[in-house]
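Reviewing the structure listed below.
The values are calculated or read from the model by the stated rules, or taken from the named source; none is laboratory data. Computed from a prediction, not measured in an experiment: that's the story for all the values here. Note: ideal-geometry Cβ built from the backbone for every residue, glycine included; neighbour counts use all protein chains shown.
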Amino acid sequence: MNQKGGDLHTPQKLQMKDKDYFIYLLATKYNLPLSKVEQIVNYQFKFVESTMKIGKFEGVRLPYFGKFHVNPNRLKHIKKLSNDIEDS
């Protein structure tokens, strides 16, 4: 229990966003600084971002989380727009 008498593992009691609460729990569990845990949590999304910025439109799979990819219809639309611009 925390000082207010509530359960420490109840996010509503801490009034944090889910991500912040998750980072707090991991930092507490593994006795790591919050900033280090935040870097670890955010790394996978920075990897997805950097892979997608390359521009090859390849999908990126994160184990136990899912696959991030460009919607094929959106890709067709982007290619059509870029071809229209080149033709102008």
Going through the stretch 33-48 in order, the residues found to be surrounded by 11 or more Cβ atoms within 10 Å (Cβ to Cβ) and farther than 17 Å from D20 by Cα are F47, V48
Among residues of the stretch 28-46 being of a type in the set (S, T, N, Q) and assigned to a helix (DSSP H, G or I), the residue nearest to L62 (Cα to Cα) is Q44
Inside the stretch 49-80, the number of residues satisfying the requirement of being outside any loop (DSSP other than H, G, I, E, B) and of a type outside the set (A, V, I, L, M, F, W, C) is 14
Quick count over the stretch 5-27, residues being in a loop (DSSP other than H, G, I, E, B) and at pLDDT 80 or above, is 1
Of the residues in the stretch 67-86, those that are among the β-branched types (V, I, T) and either at positive phi or surrounded by 10 or more Cβ atoms within 10 Å (Cβ to Cβ) (or both) come to V70, I78
Of the conditions (1) loosely packed, with under 10 Cβ neighbours inside 10 Å; (2) modelled with pLDDT of 85 or more, the single one that Y30 does not satisfy is (1)
